[in-house]
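Asks: Take a look at the following structure, please.
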Amino acid sequence: MYSFIVNPNSRSGQGRDIWNHLRSIMESQGISYQYFLTEYVGHATELAHRLSAQGTPDNPVTLITVGGDGTIYEVLTGICDPDSVIFGYIPTGSGNDFCRSMGLPMDPEKALHSILEKARIMSMDIPKITLGSHAYRFGISAGMGYDAAVCQEVLITSGKKFLNRLHMGKLVYLMIALKQFLFLSPASVTVKADSQNTRTFPKTWFAAVMNQKYEGGGFKFCPDAQPDDGLLDVIVIEGISKLKMLFCLPGALFGKHTKLHGVHIFQCKDVSFTSNRPLPVHKDGESGGIQREFSVTIEKKPLKIIMPVL
């Protein structure tokens, strides 16, 4: 039995049509499945909690997420015990950084066939971000500063839905990224890695913790990141001019930014950030509010993910 958590509003409402097409494929093949449509923010977390509680390590639930990168974050946060779940993903979002990094099919129908074949399973680290008294899991990245400010404004802009319908959703990110860039000012951020190595970056534009190579719709911020190595990849961009920052970001689309002065990349098992003033924070592109600090660790148990045939 396959259990699907579906975000029908993903891709500006196209998620529902994509899901109906996938359902027709499974029904024509006599596939046994159940599905649940998300109805509000946080609903996927509730559904994942309830469904994953029905599994055991010896008889895991096959839990499939149909949505965007933000839906993955909600589902991961809701899973009770990673040992009791086999996770699959069908992309219906606009960014698709999870697929891009993991090597999963971008096409929903191909992703479904890959899941039904269930030919290969790999383990993925599950990072956990702590914001005040709340903790959330994520699959791709979390961060503070410029990238989070862009994410937060994209989430509330009305133009995104319209341009997504025209298959021009990335224009929203570009326009907002340029707007945020004009008003951007650096902050002092102190980073403590592995609970002991502490360093302060006085003029930080943004800092991100990566579980994957890509974030933000294709920016290859941490080219060497591996989701199954038991390590977090951290990038801090600081101490450079806005002009240099302007050239740094396009280079990050191809991972060509890593040697630039002011780009700091390192690995650790846990990390915490403290800013001298409140900054926007994101988790897998979803808003984490305006915060002065947050920390990230890796869950002890990895997640089993269905992968395509090599």
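The values are calculated or read from the model by the stated rules, or taken from the named source; none is laboratory data. Remember, predicted model here, so these are calculated numbers, not experimental data. Positions of Cβ are generated from backbone atoms using ideal geometry, with glycine treated the same way; all protein chains shown enter the neighbour counts.
Asks: Based on this model, can you work out whether LYS220 counts as among the charged types (D, E, K, R), out of contact with any strand residue (DSSP E or B) (no Cβ under 8 Å at 6 or more places or on another chain) and buried (at least 18 other Cβ atoms within 10 Å of the Cβ)? Outline the logic, then answer.
Replies: Working: among the charged types (D, E, K, R): yes; out of contact with any strand residue (DSSP E or B) (no Cβ under 8 Å at 6 or more places or on another chain): yes; buried (at least 18 other Cβ atoms within 10 Å of the Cβ): yes.
Spelling it out, LYS220 is indeed among the charged types (D, E, K, R), out of contact with any strand residue (DSSP E or B) (no Cβ under 8 Å at 6 or more places or on another chain) and buried (at least 18 other Cβ atoms within 10 Å of the Cβ).
Asks: Filter the range 274-310 down to residues that are touching a residue at least 40 places away in the same chain (Cβ under 8 Å) and part of a loop (DSSP other than H, G, I, E, B) and give me whichever is nearest to PHE183 (Cα to Cα).
Replies: Checking each candidate, the answer is GLY285.
Asks: Then there's this: Among strands (runs of 3 or more DSSP E) lying entirely in the range 171-273, which contain 2 or more residues that are among the acidic types (Asp, Glu) and assigned by TED's automatic domain parsing to the domain that holds TYR146? So that I can check it myself, show each step before the final result.
Replies: Numbers: elements: 187-193, 197-210, 232-238, 263-268.
Correct list: 232-238.
Asks: Here is a further query. Working only within the range 3-53, note down all residues that are under 23 Å from the mean Cα position of the chain (by Cα), hydroxyl-bearing (Ser, Thr, Tyr) and outside any helix (DSSP H, G or I).
Replies: SER3, SER10, SER12, TYR35, THR38, TYR40
Asks: Among PRO278, PRO302, which is the only one that is more than 23 Å from MET175 (Cα to Cα) and either hydroxyl-bearing (Ser, Thr, Tyr) or within 18 Å of the chain's Cα centre (by Cα) (or both)? Break it down stepwise before answering.
Replies: On the way: PRO278 fails: either hydroxyl-bearing (Ser, Thr, Tyr) or within 18 Å of the chain's Cα centre (by Cα) (or both).
Only one candidate qualifies: PRO302.
Asks: Go through the range 75-151 and tell me which strands (runs of 3 or more DSSP E), entirely inside it, have 3 or more residues that are buried (at least 24 other Cβ atoms within 10 Å of the Cβ) and assigned by TED's automatic domain parsing to the domain that holds PHE201. Break it down stepwise before answering.
Replies: On the way: elements: 85-91, 120-124, 127-131, 134-137, 141-145.
The qualifying strands (runs of 3 or more DSSP E) are 141-145.
Asks: The conditions are (1) out of contact with any strand residue (DSSP E or B) (no Cβ under 8 Å at 6 or more places or on another chain); (2) farther than 28 Å from GLN14 by Cα, and MET144 fails exactly one of them. Which is it?
Replies: Single failed check for MET144: (1).
Asks: Applying the selection to the range 110-124, what residues are among the β-branched types (Val, Ile, Thr) and closer than 8 Å to PRO308 by Cα? Can you show your working first?
Replies: Filtering the range 110-124 down to residues among the β-branched types (Val, Ile, Thr) leaves 115, 121.
Passing the criteria: only ILE115.
Asks: Of all residues in the range 124-151, which are out of contact with any helix residue (DSSP H, G or I) (no Cβ under 6 Å at 6 or more places or on another chain) and of a type in the set (Lys, Arg)?
Replies: Residue satisfying the conditions is LYS128 alone.
Asks: Now for a separate question. Among the residues of the range 1-49, how many are charged (D, E, K, R), closer than 19 Å to GLY78 by Cα and touching a residue at least 12 places away in the same chain (Cβ under 8 Å)?
Replies: Let us first name the residues in the range 1-49 that are charged (D, E, K, R), namely 11, 16-17, 23, 27, 39, 46.
If we keep only those that are closer than 19 Å to GLY78 by Cα too, we end up with 39, 46.
Within this subset, residues satisfying the condition of being touching a residue at least 12 places away in the same chain (Cβ under 8 Å) are 46.
Residues in the range 1-49 being charged (D, E, K, R), closer than 19 Å to GLY78 by Cα and touching a residue at least 12 places away in the same chain (Cβ under 8 Å): 1 in total.
Asks: Considering only residues that are modelled with pLDDT under 95 and of a type in the set (Gly, Ala, Ser), look in the range 256-310 and name the one that is surrounded by the most Cβ atoms within 10 Å (Cβ to Cβ).
Replies: Among those residues, the one meeting the criterion is GLY285.
Asks: I'm trying to understand the selection: among the residues of the range 1-50, which are in contact with a Leu (Cβ under 6 Å, 6 or more places away or on another chain) and among the hydrophobic types (A, V, I, L, M, F, W, C)?
Replies: Start the filter on the range 1-50 by keeping residues that are in contact with a Leu (Cβ under 6 Å, 6 or more places away or on another chain), which leaves 3, 5-6, 8, 22, 36.
Result: ILE5, VAL6, LEU22, PHE36.
Asks: Here are some conditions: (1) surrounded by 22 or more Cβ atoms within 10 Å (Cβ to Cβ); (2) at pLDDT 90 or above; (3) not charged (D, E, K, R). GLY230 meets all but one. Which one does it not meet?
Replies: That leaves (1) as the condition not met.
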